[in-house]
Every structure is written in C-alpha cells, then in structure tokens.
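Here is the structure we will look at, set down as structure tokens.
All of the numbers you see were taken from the coordinates with simple rules; none came from a lab. What you see is a predicted model; the values in this text were computed from it and never measured. Please note: Cβ atoms are built from the backbone with ideal geometry, for glycine as well, and neighbour counts cover all protein chains shown.
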Amino acid sequence: MAEELRLVLKNFGKINPLKVEDYLSAGGYKSLEKARSMNPLEVVEVMKKSGLRGRGGAGFNTGQKWFFAHNIQADEKFVVCNADEGEPGTYKDRIIMENDPHIVLEGMAICGHAIGATQGYIYCRGEYPGVVDTLNTAIAQAKEKGLLGDFNIEVRMGAGAYVCGEETALIESIEGNRGEPRFRPPYPPVAGLWQKPTIVNNVETFANVAQIIEKGAEWFAGIGAKSFPGTKVLTLTGDINKKIFIEVPTDTTIKEVVFGFGGGIPDGKKFKAVQIGGTSGGFIPEEFIETTIDFDSMRKIEATLGSGAVFVIDETRDIVDVVTRIAKFFEHESCGKCAPCREGTMRVHLLMDRINDGKGSQADVALLKKLSRVMASACLCGLGQAAPTPVVTTINHFGMDYHAKVQ
Amino acid sequence: MAEFKEIIMPFKNTPGGIIQAFHAVQKKINYLPENAIIDAAEVFGIPVKEAYGVATFYSYFSIKPRGKYIIRICESAPCHVAGAAEIIASLERELGIKIGETTGDGKFTMELTECVGQCQATPVITINGKPYAGVTPQQVAEILAEYE
C-alpha cells in the first residue's frame with residue numbers, strides 16, 4: 001500500500017506551534033534567509049522550475065504567477081494568503097495553520113522577497129477564531145526575533161462568505177467591501193489589492209515554498225505526478241471508516257485514498273461514489289477510482305482535485321438528495337453580482353428539489369443539463385461556473401437514480 | 001450612540017477596517033444595530049447604504065438582535081449525510097425554538113451554517129464559535145447544559 005509523505009505537515013505533532021524556537025530548531029526560517037541571499041528573479045525561477053501549482057483549486061503554476069507580479073514596477077505590492085477555507089469537507093488549511101503557522105509565514109515572506117512586497121495579509125475565515133489567535137502569536141514572535149525582516153503580516157478575519165475564497169472577492173473583502181468577485185482581467189498579479197500587484201496563494205501553497213527553496217526545484221519536481229508535482233493534503237469525510245487527514249504524493253490513486261488510507265466503507269456496505277475537491281467537485285463512480293489524484297488526471301475524468309476534500313457516499317445513499325442539498329448550498333452562497341449565477345443557482349435548486357420530491361420529469365433533468373452549460377460559460381467567477389458540476393456528473397454517472405425519482 | 005463609535009474608532013485608520021469594526025461590535029452584543037452601521041459609515045467616510053451593504057453581505061453579521069449564545073448547525077453535505085437533520089430536531093425540541101429564532105430569555109439563537117471546517121467527526125455544531133464535532137442527538141442536552 002502507498003504511504004503518506006508528510007512534507008507540508010512535516011512538523012505536525014513535533015513542534016509547539018506557539019513557540020517559534022521549536023520551528024527554528026526544526027530548521028525554520030533558513031529558507032527565507034537563503035532566499036534573501038538570492039536575486040528575487042532567481043527565487044521566481046526556482047519556484048517556476050519546481051512545477052508547484054496552486055493548492056487552492058485552480059492549479060496555476062505558482063512561480064509563473066509570481067513572475068507576473070515580479071515583472072511589474074509599482075510603488076507597492078502585496079502578498080495575500082488565502083485562508084478562507086470554505087469548501088465543505090475541507091479542513092486541511094486549518095490543520096496546517098494550527099500546527100505549524102510559521103511554515104506559512106515563511107512562505108509568504110519568501111514570496112514578498114521574490115515579487116518586491118513588504119506587506120502581507122492572511123485572510124482567515126471567521127469560522128476559525130482560534131487559528132487567528134495562533135497566527136497572531138506566531139507573527140508577534142517572528143517579529144520580535146526579527147525573523148521577517150521588513151516584511152509585515154496582518155491577519156484579517158472573514159465573516160462567513162464562501163465566495164470570498166475566490167481571490168478577487170477576497171481582495172474586495174480585505175478592502176472592506178462586500179465580497180463580490182471582480183471582472184478579470186486585470187488579474188491580481190497586475191492589479192489586485194488596492195489596485196496594486198498582488199499575489200494571492202492558498203495556505204498549502206505557501207507551506208510548500210520553504211522546502212522548495214531549501215531542497216531545490218529538481219527535488220520537488222521529482223515527487224508525485226509529473227505535471228502536478230509534490231504532495232496534497234486530503235481530508236476524508238462521509239461514509240468512510242477513517243475520517244482523517246492525510247498527505248500523499250500526487251500520483252496516489254483515488255482507490256488508495258478511499259480503500260487504503262480511508263479503510264473503505266463502514267458496515268460492509270459498498271462504495272457508490274466519491275466527490276473530490278469540495279462541494280463543487282464532480283462525483284466519481286467506481287469505474288474511475290484507479291485515477292491518480294493529480295490535477296490533470298482528475299480533469300480527464302471531468303473531476304477536480306480542488307481543495308482536496310474527499311467525500312465518500314455508500315450504496316445506500318440517495319445521491320439525488322445529496323445533490324439537492326449541495327444545490328441549496330450554492331443558492332445560498334451565490335453573491336448575486338451576476339445574473340447567470342444568482343438566477344441559475346436558484347433554478348438549479350428549484351429543479352433539484354422538485355426531482356427529489358418525486359415531482360420532477362425527464363424534461364427537468366434535460367433542463368438541468370442545459371442550464372449547467374449556460375452557467376459554466378456565462379457565470380462571472382468559479383463559484384457559478386462550477387456550481388452545476390455535481391448535478392451534471394451525477395446525471396451522467398447515476399442517471400438511473402434520477403430516472404427512479406422522476407415521473 | 002457614542003458607545004459604538006468607541007468600539008469602531010480604533011479601526012478608522014485600518015484600510016478596509018469596517019469588517020474588523022463590525023466584528024468588534026458583534027463581540028460585544030452579537031448583532032449590528034442600525035446605529036452601529038450609521039456610526040461605522042461616518043467613521044469610515046462612506047455612505048450608510050454601503051456600510052449596510054457590507055453588514056448584510058456576510059452571514060456572520062446580523063442586523064437583528066440575537067441571543068447570548070449563537071448555535072450554528074452545519075448542513076453541508078458531509079454533515080447532511082451524517083444526520084444533521086436529527087441534531088436540528090433535537091435542538092429544536094430542547095430549546096423550543098426553530099432555526100433563525102431566539103429563546104424567550106434571550107439566551108440561545110439557532111442558525112444554519114455551511115461547513116465550519118471541523119469535518120474530522122460529523123455532524124458538527126458550533127456555539128459562539130466553539131466547535132462540537134460528531135454530535136449525537138443524545139448529547140444535545142448535555143452540550144446545552146454547559147451554557148446554563
């Protein structure tokens with residue numbers, strides 16, 4: 001069986017997160033020192049070559065993103081850490097920040113050096129007040145020891161809005177506005193926070209940075225899947241024996257995750273489906289579980305790696321009911337800025353409700369598929385574009401379940 | 001109301017600080033009264049409608065009075081399949097109120113929430129931010145007793 005590979009979580013359980021001395025004796029802040037002895041462009045190049053891609057869901061090459069911001073002349077630039085972990089079934093960023101806050105701060109400071117920013121923000125979701133305290137303690141200790149140099153980090157607490165995980169909505173929220181996504185372009189590396197070049201990366205992405213600077217791009221590029229190297233922290237929920245978090249190389253298969261690490265399905269029941277990447281991810285039937293979890297392999301089966309949430313449902317579950325619940329989620333979390341999402345998520349929920357109550361028809365199912373296509377291409381941000389994915393994938397893979405419920 | 005200004009003023013020079021100011025107000029009284037929103041608009045130099053827009057956008061902010069303890073029940077998919085509906089029923093029975101309501105003594109308010117990121121055991125509820133994971137209907141009374 002495949003084994004865990006704890007890189008991002010290397011200090012988990014080994015250090016006291018509230019003592020910077022512990023992080024230092026585990027080799028902490030050496031990478032920042034090394035990065036600062038390098039030319040900023042060199043740091044960007046190392047990141048690019050490592051092949052690290054964003055761990056928040058979009059999977060964009062981190063070094064490439066940094067390169068855009070590095071290249072722009074501006075009087076001020078910003079580094080923002082997206083800790084608005086709102087994907088249902090996901091708590092990996094909380095685990096990282098709770099247990100090793102400095103690994104995130106160090107990654108952010110390295111980014112600051114690479115792009116020429118001296119101010120960083122961590123946007124932490126309002127559901128994690130304890131994490132906000134841990135981060136503030138860590139920042140104060142790092143400052144006191146002069147470890148961050150001229151780089152400042154401020155923690156901002158979100159207030160319960162799923163859409164703020166979208167980077168431009170997050171930026172709006174830091175600016176004190178309603179968290180509504182912006183039209184793009186321009187993208188944040190060009191014009192982000194207060195219209196200045198801004199790098200927004202996920203907590204897990206920043207947590208990968210120090211080790212890449214320490215051990216080199218080649219080392220990192222050699223781990224896991226070629227096109228999406230490194231590890232991924234996954235959180236296992238639903239009908240699974242072990243509701244745990246794990247960190248595995250990206251060439252691990254879904255089967256190894258669910259049946260190996262997760263210990264399979266409880267009570268001798270059979271596997272029905274797994275939804276990976278959060279609530280906007282596709283539902284994956286048994287025939288695809290030999291797929292590896294890396295971004296591109298998941299894309300090929302019309303699924304996502306996303307945030308790394310792994311939500312398993314067994315054969316006894318009513319998948320139409322689960323998807324109806326998810327449809328309600330998106331109706332609630334749609335920010336309302338663009339009509340295709342505001343109206344679309346409401347209509348998807350209405351149609352799903354009708355089908356779930358046994359009052360729907362085949363025409364409703366067909367309408368859902370059509371509506372999904374419209375939303376995927378017409379919605380302003382990822383929330384609306386991906387919202388119909390659970391609906392479409394379950395219609396495609398579990399059409400019989402819908403058929404059984406319609407008149 | 002001078003009391004709200006006092007809470008809001010320290011954030012005046014924080015760029016985008018209105019959300020932090022609202023958090024601070026709610027820490028004191030668990031909701032955002034109209035006067036607090038008007039005061040915030042004045043302190044941050046923005047129209048009242050904009051301050052109101054911010055206050056009503058985020059689910060953690062409430063413009064209606066709430067109880068001393070806010071119970072949030074997660075109804076995201078992992079909690080949904082783990083029996084969140086039974087926890088809601090049990091809480092409603094114990095407290096004699098429905099989702100969105102506050103007990104007569106002003107002690108508890110029940111709200112639905114989406115995932116709070118404590119999915120290591122489901123279903124999950126939080127009371128004033130403190131998470132309880134893997135809650136059973138039988139445990140509900142016991143948990144509420146902590147807040148007597």
- Query: What is the spread of the Cα atoms of segment B:32-117 along each of their three principal axes, largest first, in whole Å?
  - Reply: 46, 31, 16
- List the residues of segment A:273-290 whose backbone N lies under 14 Å from a point placed 7 Å from the Cα of A:M400 along the Cα-to-Cβ direction. A:273, A:285-287
- Query: If pairing requires two Cys Cβ atoms under 4.7 Å apart, which cysteines of chain B are left without a partner?
  - Reply: B:C115, B:C119
- Query: When chain A is modelled as a GNM with alpha-carbon springs shorter than 10 Å, which of A:D239, A:D84, A:D75 fluctuates the most?
  - Reply: A:D75
- Query: How big is the protein assembly as shown by the Kirkwood estimate over distinct Cα pairs, in Å?
  - Reply: 24.1 Å
- Kirkwood hydrodynamic radius (Cα pairs, Å) of segment A:191-336? 16.7 Å
- Message: Going by average Cβ density within 10 Å per residue, which order do the peptides B:84-95, A:271-282, B:136-147, A:227-238 take, highest to lowest?
- Response: A:271-282, A:227-238, B:84-95, B:136-147
- Query: Considering only the other residues whose Cβ falls under 14 Å of the Cβ of A:K328, what net charge follows from Lys and Arg at +1 and Asp and Glu at -1?
  - Reply: -4
- Item | Span from the segment A:24-79 Cα centroid across to the segment A:203-261 one, whole angstrom | 20 Å
- Mind telling me which of A:L351, A:L32, A:L24 comes out most flexible in a GNM of chain A, alpha-carbon contacts under 10 Å? A:L24
- Message: Give me B:C74, A:C381, A:C341 sorted ascending by neighbouring Cβ count inside 10 Å, so fewest comes first.
- Response: A:C381, A:C341, B:C74
- C-alpha center-to-center spacing [segment B:1-73, segment A:138-155] in angstrom: 29 Å
- Which distance in nm do the two modelled labels at A:S227 and B:K27 give, with both placed 7 Å along the Cα-to-Cβ direction? 4.8 nm
- Task: Give me the distance in nm between label points sitting 7 Å out from Cα along the Cα-to-Cβ direction at B:Q138 and A:E4, one decimal.
- Result: 3.0 nm
- Message: Only four residue types carry charge here, +1 at the Cβ of Lys and Arg and -1 at the Cβ of Asp and Glu. Report the dipole size of segment A:20-221 about the Cα centre in Debye, rounded to the nearest 20.
- Response: 520 debye
- Peptide A:270-279 - average C-beta neighbours from other chains (10 Å radius): 1
- Name all residues of segment A:197-235 having a backbone nitrogen under 20 Å from the label point set 7 Å from the Cα of A:A26 along its Cα→Cβ direction, giving them as ranges. A:202-216, A:220, A:230-235
- Message: Considering only C-alpha atoms, what is the centroid distance from segment B:109-146 to segment A:316-341, in Å?
- Response: 22 Å
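Fewest to most neighbouring Cβ within 10 Å: what's the order for A:T304, A:T205, A:T137? List each step's numbers first, then the result.
Numbers: A:T304 22, A:T205 25, A:T137 15.
Lowest count first: A:T137, A:T304, A:T205.
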- State the answer as a single residue: which of A:P390, A:S377, A:V320 lies farthest towards the positive end of the charge dipole of segment A:319-405, with beta carbon charges of +1 for Lys and Arg and -1 for Asp and Glu, about the Cα centre. A:S377
- Which value, in debye to the nearest 20, gives the size of the charge dipole of segment A:169-271 about its Cα centre, when Lys and Arg are +1 and Asp and Glu are -1 at the Cβ? 220 debye
- Task: Give, rounded to the nearest 20 debye, the magnitude of the charge dipole that the protein assembly as shown has about its Cα centre when Lys and Arg contribute +1 at Cβ and Asp and Glu contribute -1 at Cβ.
- Result: 780 debye
- Note on the structure: Amide H neighbours of A:I284 at under 5 Å, excluding residues fewer than 5 places away on the same chain, with H built from the backbone geometry, are A:V274, A:Q275, A:I276
- Message: Using Cα springs under 10 Å in a Gaussian network model of chain A, which residue among A:G126, A:G263, A:G165 shows the largest mean-square fluctuation?
- Response: A:G263
- Taking the convex hull of the alpha-carbon atoms of segment A:277-407 and averaging its shadow over every direction gives an area in square nanometres of 7.5 nm²
- D_trans [Stokes-Einstein, Kirkwood Rh over alpha-carbon pairs] for segment A:279-327, 4 °C, 1.567 mPa s, µm² s⁻¹: 110 µm²/s
- Taking every eigenvalue of the Cα gyration tensor of segment A:70-180, multiplying by 5 and rooting it, what semi-axes result, largest first, whole Å? 22, 19, 11
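Too long at a 26 Å Cα-Cα cut-off: which of A:K10/A:K48; B:K49/B:K130; A:K65/A:K300; A:K328/A:K359; A:K145/B:K12?
B:K49/B:K130; A:K145/B:K12, as the Cα separations exceed 26 Å there.
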- Query: Against the longest alpha carbon principal axis of chain A, how many degrees, from 0 to 90 and to the nearest 10, is the axis of helix A:319-333 turned?
  - Reply: 50 degrees
- Query: Considering the dipole of the protein assembly as shown built from charges on the beta carbon (Lys and Arg +1, Asp and Glu -1) around the Cα centre, which of A:G238, A:A58, A:I276 is farthest to its positive end?
  - Reply: A:A58
- Task: Would you tell me the mean number of C-beta atoms belonging to other protein chains that fall within 10 Å of each C-beta in A:228-237, as a whole number?
- Result: 2
- Message: Show me the three semi-axes of the equivalent ellipsoid for segment A:124-232, from the C-alpha gyration tensor (sqrt of 5 times each eigenvalue), largest first, rounded to whole Å.
- Response: 26, 21, 15
- Message: Give me the tail of P(r) for segment A:329-384 as a percent: Cα-Cα pairs with distance above 16 Å.
- Response: 39 percent
- Note on the structure: Kirkwood radius from Cα pairs of segment B:69-145 plugged into Stokes-Einstein at 10 °C, 1.306 mPa s, gives D in µm²/s equal to 132 µm²/s
- Item | Listed residue (A:I293, A:A339, A:A309) projecting farthest to the positive dipole end of the protein assembly as shown, Cβ model | A:A339
- Expressed in Å to one decimal, the Kirkwood Rh of chain B from all distinct alpha-carbon pairs is 16.4 Å
- In peptide A:128-139, how many Cβ atoms from other protein chains are near each Cβ within 10 Å, on average? 1
- If you take the square roots of the eigenvalues of the alpha-carbon gyration tensor of segment B:2-57 and sort them as a ≥ b ≥ c, do you get rounded (a/c under 1.5), prolate (a/b over b/c) or oblate? rounded
- Which order do A:L52, A:L170 fall in if you start with the one that has the fewest other Cβ atoms within 10 Å? A:L52, A:L170
